[in-house]
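Before any comments, here is the structure.
The values are calculated or read from the model by the stated rules, or taken from the named source; none is laboratory data. Treat the numbers as computed from the prediction; the structure is a model and nothing was measured. Ideal geometry is used to build each Cβ from the backbone, glycine not excepted, and the neighbour counts take in all protein chains shown. Ligands, DNA and RNA are excluded from the accessible area calculation, which covers all protein heavy atoms including side chains. Shrake-Rupley method; radii C 1.70, N 1.55, O 1.52, S 1.80 Å.
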Amino acid sequence: MGGTTNHGEKPFGFLSDTRRPPSGRAAALRTVRELLGSREPGELYRACNLLALLHFRTGAPEEARALCRDQIAYARARRGTALGPRFTVLALQPQVNLIRLKGYAPATADEALRDLAALEPLVSGHGTELPDLAYDTATVRRLTGDGLLDRAVVRNIVVQDTLQILRRHRRDAQLLAAAARFCDLWTDIPAERTLQHAQEAPWLVDAAAQPVLTPAALDHASSPTAARLTYVRLLHAAAASAASPDAAGRDRARGLVTALAERRDALGGPFASPATPLRWLAQLALTAGRAALPGIAAALFGELARHAETPADPVLDGVVRDRLGRPPRPVPPDERAPVPAELAATVRERLADGLRAAA
């Protein structure tokens, strides 16, 4: 389950790179149907996870919860079989999806945070009790040793989801405390395999309170991963400076924007989401506008308007069109329509078949 909360002039929230599911209904349904064409267990679970997201987006959270629980039941029925370990790991994603559903509602956000904390032992190689699943330490170590359970993936879920819930509900003091704690945990996982939300968080919340950072830091980054984190922090620093009430702060913003617009090397290479570097440019363009650099802002927004990936990110597309004085992109009339009944029935039947076969 994914979403972005607009906090004032930071419509993108966290800027760190992360995978994003298809945003449009048509693309998501097409992906689900393609995945269902495979008999591979992992593809079935990917289809179910995406279908649960569609249920949530179209106002049917109970359908999403029911599908997640059916996936977990399907995995439990495979215990003791040759594919049992694989399904034990596949069941983790629907469990996470159930936690994410809780994280959207203020009344259940704390419960979601406790559930995410219960995932932490898995990252350290220990067993844990989750709301709908239990893992003993021997199983966790076997799954990790066999390459089925990826500690980095679980770590990234814990970090990203915890911090996004806290940001969504405007609990910035807790967000900063959690981010600081996460930065000290699991340091044996290579930085190239970890999402950077914890390292970004202080700059997102209050960049003006952080140590002074200049574009020269990009030249001294120890790796491409470190360079990207530096670029993101500089974007937040520029935005904070542009909002400064004093002339020195605004001058600093103009210097940062000009330098970052010229330093495009951090935007190269593969990203988990093609929208990530585009969001960086859009954030830079927003800051350029506030820093009285209309030429840079116009050039960046024009570039983004021409990019083929921009319409696939509704938040990005909305910002670009608004700043160019264009009307919002028309929403397809069936975008919020319920999941097609025949597709939901196909998925239920596939899961039911698996339960009958395991009985």
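Summary of values
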item: Sorted peptide list for 202-215, 80-93, 159-172, criterion being average Cβ within 10 angstrom, highest first; result: 159-172, 80-93, 202-215
item: Separation in nanometres of the label points that stand 7 Å from Cα toward Cβ, at Ala191 and Ser124; result: 2.4 nm
item: Peptide ranges 147-155, 23-31 listed from the most packed, as the mean C-beta count within 10 angstrom indicates; result: 147-155, 23-31
item: Separation of the Ser273 and Ala308 label points, Cα + 7 Å toward Cβ, nm; result: 2.0 nm
item: Helical contribution to [θ] at 222 nm, DSSP H n ≥ 4, -39,500 (n - 2.57), averaged over the chain, rounded to 500; result: -19500 deg cm²/dmol
item: C-alpha long axis of helix 314-323 to longest principal axis of the chain, angle in °; result: 20 degrees
item: Most positive-pole-ward Cα, Ala198, Ala282, Ala28, against dipole of the chain from beta carbon charges; result: Ala28
item: In degrees, nearest ten, helix 294-306 long axis to first principal axis of the chain (Cα); result: 30 degrees
item: Additional length obtainable on full extension of the chain from Asp146 to Arg39, 0.36 nm per residue less Cα span; result: 36.3 nm
item: Solvent exposure ordering (accessible area, 1.4 Å, most first) of Ser223, Ser124; result: Ser124, Ser223
item: Accessible surface of the stretch 269-343, 1.4 Å probe, proportion on carbon and sulfur as whole %; result: 63 percent
item: Space enclosed by the convex hull of the alpha-carbon atoms of the stretch 243-359, per residue, Å³; result: 186 Å³
item: Length added when fully stretched, Ala337-Asp246, from 0.36 nm per residue minus Cα-Cα; result: 27.8 nm
item: Cα long-axis angle, helix 41-57 against the chain (0 to 90 degrees, to the nearest 10); result: 60 degrees
